[in-house]
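Data first, discussion second: the structure below is written as structure tokens.
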Amino acid sequence: RLFRMGVHHFLINENHGIVAFNKEFYFFQNGNINKIGKIKGSRPLVTSFDNSGNFLYGEYKSNKERNKIDIHCYDVKNETWSVKWTFDNIRHIHGVFYDKYSDSIWVTTGDLDSESSIWNTNDNFNSLNKICGGNQQLRCIQLLFNKNFVYFGSDAPDEENFIYRMSRNNWKIEKLCKVGGPVFYGISNNENLFFSTSVEPGHLDNDQSEIWHSKDGKNWEMIHSTKKDFLSMKFFQY
């Protein structure tokens, strides 16, 4: 934790996988593992495979100067890297996601109000459309999907946080429930949806990390909470 060492991501597709380990990417298939490149920026928050099995991630770094920042793709078949999209008006990219229900790619960005947005492309990054954004409640990291909705939790360090869902029909956003802190992580398993919160410095005196669960996407319950350990957040993470 002190040196940010170890495995940061471990993704498995149908017949191959990617490991992010000590700021480098490794590709494994049929019992073989090979280094394929260094991580650009710091450790990316959420990575994904697209519908062709290619690997996608967005740069995540401090970027106080608001320099250009990229979405990278590793082409598994050709064993090459390319830049799929470049932002020049955001701090960093929070996550890149493949949505099997719409066969499209989603992107989340932050951190200021104007930079906090949810994006979508259905043409392999020939275009990238802003679906919503503009405030801290739309500053999010993780997206979850089902056939009718896109789910997310807010990552607002100085505000109360909530779980939301957005209708695929009209992009209408519905607030579902209040949670105890910024939402960093999530996963879906069949119809079960899960989000977890983090403990950030000075966030409304919150010292509990929570796991939230829903079976229907509408009703949510906290199924576990754990108090933050005593170690420094600056040196040992949240």
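The values are calculated or read from the model by the stated rules, or taken from the named source; none is laboratory data. All values derive from a computational prediction rather than experimental measurement. Note that each Cβ is placed from the backbone with ideal geometry, even for glycine, and that neighbours are counted across all protein chains shown. The area values use the complete protein model at the heavy-atom level, side chains included, leaving out ligands, DNA and RNA. Shrake-Rupley method; radii C 1.70, N 1.55, O 1.52, S 1.80 Å.
Within the range 10-20, can one find any residue that is in contact with a helix residue (DSSP H, G or I) (Cβ under 8 Å, 6 or more places away or on another chain), outside any strand (DSSP E or B) and open to solvent by 70 Å² or more (accessible area, probe 1.4 Å)?
Of the residues in the range 10-20, the ones in contact with a helix residue (DSSP H, G or I) (Cβ under 8 Å, 6 or more places away or on another chain) are none.
Within the range 10-20, not a single residue is in contact with a helix residue (DSSP H, G or I) (Cβ under 8 Å, 6 or more places away or on another chain), outside any strand (DSSP E or B) and open to solvent by 70 Å² or more (accessible area, probe 1.4 Å).
For the range 50-64, which positions are part of a loop (DSSP other than H, G, I, E, B) and not polar (S, T, N, Q)?
If the condition is that a residue be part of a loop (DSSP other than H, G, I, E, B) and not polar (S, T, N, Q), then ASP50, GLY53, GLU59, LYS61, LYS64 are the ones that fit.
If you check LYS234, LYS175, which single one turns out to be in a strand (DSSP E or B), surrounded by fewer than 21 Cβ atoms within 10 Å (Cβ to Cβ) and of a type in the set (D, E, K, R)?
Criteria check complete, one pass: LYS175.
Return a yes/no flag: does the range 127-138 have any residue that is over 29 Å from LYS234 (Cα atoms) and surrounded by 21 or more Cβ atoms within 10 Å (Cβ to Cβ).
no
How do the pairs read when you match residues in the range 40-61 that are over 18 Å from ASP75 (Cα atoms) and open to solvent by 20 Å² or more (accessible area, probe 1.4 Å) with residues anywhere that are in a loop (DSSP other than H, G, I, E, B) and hydrophobic (A, V, I, L, M, F, W, C), using Cβ under 8 Å and keeping only pairs 6 or more apart or on different chains?
Taking only residues 6 or more apart or on different chains, the pairs are TYR60/LEU45.
Please give the number of the condition ILE118 fails out of (1) under 26 Å from ASN54 (Cβ atoms); (2) open to solvent by 20 Å² or more (accessible area, probe 1.4 Å); (3) of a type in the set (Val, Ile, Thr).
(2)
Determine the pairs where a residue that is of a type in the set (Gly, Ala, Ser), located within the range 165-176, has a partner that is open to solvent by 100 Å² or more (accessible area, probe 1.4 Å) and part of a loop (DSSP other than H, G, I, E, B) with Cβ atoms under 6 Å apart, the partner being 6 or more residues away or on another chain.
From residues that are of a type in the set (Gly, Ala, Ser), there are no pairs.
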